[in-house]
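Visitor: Submitted below is the structure of interest, expressed as C-alpha cells.
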Amino acid sequence: MSCHEIQMYLTAYVDDELEIDERNMVEQHLQACHECQELVKELQQTTALVFEQLNTTFAPINFEDSVIQQIAAVHQERQVRHFSVFYLACALIGIGGLAAVLLSPVGMFIRVLFHLFLAVLNGLSFVPASLGHWWMVCILLSTIGLVGISIFGVSRVLRSLQSEVIL
C-alpha cells in the first residue's frame with residue numbers, strides 16, 4: 001500500500017484501535033517506510049503530551065457547579081423568550097377577538113350592557129349619601145337574605161341528589 005493509504009490508519013494504529021489484519025498491514029509498511037515511521041513517532045509524542053497535560057491539568061473546585069449554573073441561566077433565558085412570544089401571541093389573539101366581538105352586532109349589545117352597568121354603579125354611589133347610616137343596614141339585610149336563599153337552594157339540591165342516589 002502507498003504512504004497516503006497507510007496514513008489514514010496511523011492514528012488508529014497509535015491508539016491501538018486497529019483489527020489484527022489492518023495492524024499487520026500497517027506494521028509491514030512501517031518496516032519498509034522511514035517517512036511513515038517518523039510520522040508514527042510524532043503521533044506517539046503528541047499523544048503522550050496530550051495525556052501528560054490531561055494528568056497535570058485540574059479543573060477549579062467549583063467548576064462543575066459554575067457550568068451547571070451557566071447552562072441553567074441560558075436555559076432560563078430561552079424559556080423567558082419562548083414565554084414572552086407565547087404571551088404576546090395570546091394578547092394579540094385576545095385583542096383581535098375582543099375587537100371582532102365589539103365591532104359585530106353582539107358587540108353593540110355588549111356596549112349597551114356595559115353602559116347600563118356603569119349607570120347602575122354610578123347610581124349606587126349616591127345610595128349612601130341619600131340613606132345616611134341606613135345604607136349599611138340595607139346592605140346587611142340584603143346579604144343575610146342572599147345567604148339564606150343560597151343555603152336553602154344548596155340544601156334542596158343536596159336532598160334531591162340524595163333521593164336520586166337512594167332510588
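None of the figures in this text is laboratory data; all of them are computed from the coordinates on show. Everything numeric here is computed off the predicted structure, so don't read it as measured data. Heads up, the Cβs are rebuilt from the backbone with ideal geometry, glycines too, and the neighbour counts pull from every protein chain shown.
Visitor: Over the chain, what is the relative contact order in whole percent, taking alpha-carbon pairs under 8 Å and six or more residues apart?
Guide: 10 percent.
Visitor: Compute a Gaussian network model of the chain, connecting alpha carbons closer than 10 Å, and tell me which residue from L121, L141, L92 fluctuates the most.
Guide: The residue with the greatest mean-square fluctuation here is L141.
Visitor: Can you tell which of Q53, I95, Y9 lies farthest toward the positive end of the dipole of the chain, using +1 and -1 charges on the Cβ of basic and acidic side chains (Lys, Arg; Asp, Glu)?
Guide: Looking along the dipole axis, the top candidate is I95.
Visitor: Report the net charge of residues surrounding M25, where surrounding means a beta-carbon distance below 11 angstrom and charges are Lys +1, Arg +1, Asp -1, Glu -1.
Guide: Charge balance near M25 sits at -4.
Visitor: Determine the dipole magnitude for the chain: charges of +1 sit on the beta-carbon of Lys and Arg, -1 on that of Asp and Glu, nothing else is charged, the reference point is the Cα centre, and the result goes in debye to the nearest 20.
Guide: Dipole about the Cα centre, nearest 20: 2800 debye.
Visitor: Follow-up question, since we're still on this one. Could you tell me how many degrees, from 0 to 90 and to the nearest 10, lie between the Cα long axis of helix 63-103 and the main elongation axis, the longest principal axis, of the Cα atoms of the chain?
Guide: Between helix and principal axis, roughly 40 degrees.
Visitor: Where does the chain land at 222 nm, in deg cm²/dmol rounded to the nearest 500, when only DSSP H runs of n ≥ 4 count, each adding -39500 (n - 2.57), divided by all residues?
Guide: -31000 deg cm²/dmol
Visitor: Using only the Cα atoms of the range 81-158, each taken as one equal point scatterer with no solvent, compute I(q) by the Debye sum, divide by I(0), and report log10 of the ratio at q = 0.16, 0.23 Å⁻¹.
Guide: -0.85, -0.99
Visitor: Can you give the local net charge around F51? Use residues other than it whose beta-carbon is closer than 14 angstrom to its beta-carbon, Lys and Arg +1, Asp and Glu -1.
Guide: Net charge in that neighbourhood comes out at -3.
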